[in-house]
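Since the structure comes first, as structure tokens, the remarks are kept for the end.
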Amino acid sequence: MTTYPIVETFFSLQGEGYWTGSSAFFIRLAGCDVGCPWCDTKLSWPRDRHPSQTVAELVAQAQAAQPAFVVITGGEPTLHDLRPLLVALKAAGLRSHLETSGAHPLQGDPDWVSLSPKPFRAPVPDVYHRAAELKVVIANPEDLVWAEAQAQRVPASIPKFLQPEWSRQDLWETVFQYVQAHPSWRLSLQTHKWLGLR
Ligand code: SF4
């Protein structure tokens, strides 16, 4: 029986990126080796400090919520073999959206891949063509250069977002103006934080 270390599960709305505002059930997997200094989920980093749940338990919770889709996030979900979970979600009629930095090979076939590459551990090459959206967090002005380099590697047709890092309010106007001047990008805001929700 396949199990995963789980930080939390919860029913909410997708707060950022292409599907902002949509009903979503979140599965937050434990474990991350990317090490973003501004990470807002550092409690998820140690994979062995969180209780495990079976695939059946996770799918049952998601089915009870009846969301538009299930978000598999972390931590860094690609540290795990996601195939059993993805197969079970699909068998239950649930759409799966994966949020990943792309730091490790992606195992399985989610319905949507939100790629959020991080300069601290760059994506593996094979993940770029799997991306359905690109979402780059801007925590420093230099990250805009990184974002442009990442945009060159994903399919040209997918939506591309710049998302100001929540604690760097001094950069919000910079990102706003950058998107104005570079219309291939869109602005993504963490709306759940604005609303005080998770
Ligand atoms: S990849 Fe995500 S979970 Fe991992 S350190 Fe960066 S922001 Fe945190």
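Scanning region 56-72 for residues that are of a type in the set (V, I, T) and either closer than 28 Å to Q163 by Cα or open to solvent by 20 Å² or more (accessible area, probe 1.4 Å) (or both), which turns out farthest from the ligand (Cβ to nearest atom)? The qualifying residue farthest from the ligand (Cβ to nearest atom) is V70. Residues that are over 21 Å from F161 (Cα atoms), more than 13 Å from the chain's Cα centre (by Cα), away from the ligand (no atom under 16 Å from the Cβ) and touching a residue at least 24 places away in the same chain (Cβ under 8 Å) are absent from region 33-44.
In the set V71, V59, which member is modelled with pLDDT of 95 or more and in a helix (DSSP H, G or I)?
On the way: V71 fails: in a helix (DSSP H, G or I).
Going through V71, V59 in turn, just one is modelled with pLDDT of 95 or more and in a helix (DSSP H, G or I): V59.
Please tell me if V179 is open to solvent by less than 20 Å² (accessible area, probe 1.4 Å) and either modelled with pLDDT under 95 or not charged (D, E, K, R) (or both). No.
For the structure I just gave you, tell me whether R95 is more than 16 Å from the ligand (Cβ to nearest atom), among the basic types (K, R) and closer than 22 Å to K160 by Cα. Considered against the rule, which asks whether it is more than 16 Å from the ligand (Cβ to nearest atom), among the basic types (K, R) and closer than 22 Å to K160 by Cα, R95 comes out as yes. Residue count for region 1-39, restricted to those that are open to solvent by less than 40 Å² (accessible area, probe 1.4 Å) and β-branched (V, I, T): 5.
Out of the residues in region 98-108 meeting the condition of being part of a loop (DSSP other than H, G, I, E, B) and open to solvent by 30 Å² or more (accessible area, probe 1.4 Å), tell me which one is nearest to the ligand (Cβ to nearest atom). Result: H104.
When L94, L115 are checked against the criterion of being surrounded by 15 or more Cβ atoms within 10 Å (Cβ to Cβ), touching a Ser or Thr at 6+ places or on another chain (Cβ under 9 Å), in contact (Cβ under 8 Å) with a residue 12 or more places away in the chain and not small (G, A, S), a single residue qualifies: L115.
The values are calculated or read from the model by the stated rules, or taken from the named source; none is laboratory data. Just so it is clear, the model here is predicted, and its values are computed rather than measured. Glycine also receives a Cβ, built like all others from the backbone with ideal geometry; neighbour counts cover every protein chain displayed. Remember, those area values only see protein heavy atoms, side chains included, never the ligands or the DNA or RNA. Shrake-Rupley method; radii C 1.70, N 1.55, O 1.52, S 1.80 Å.
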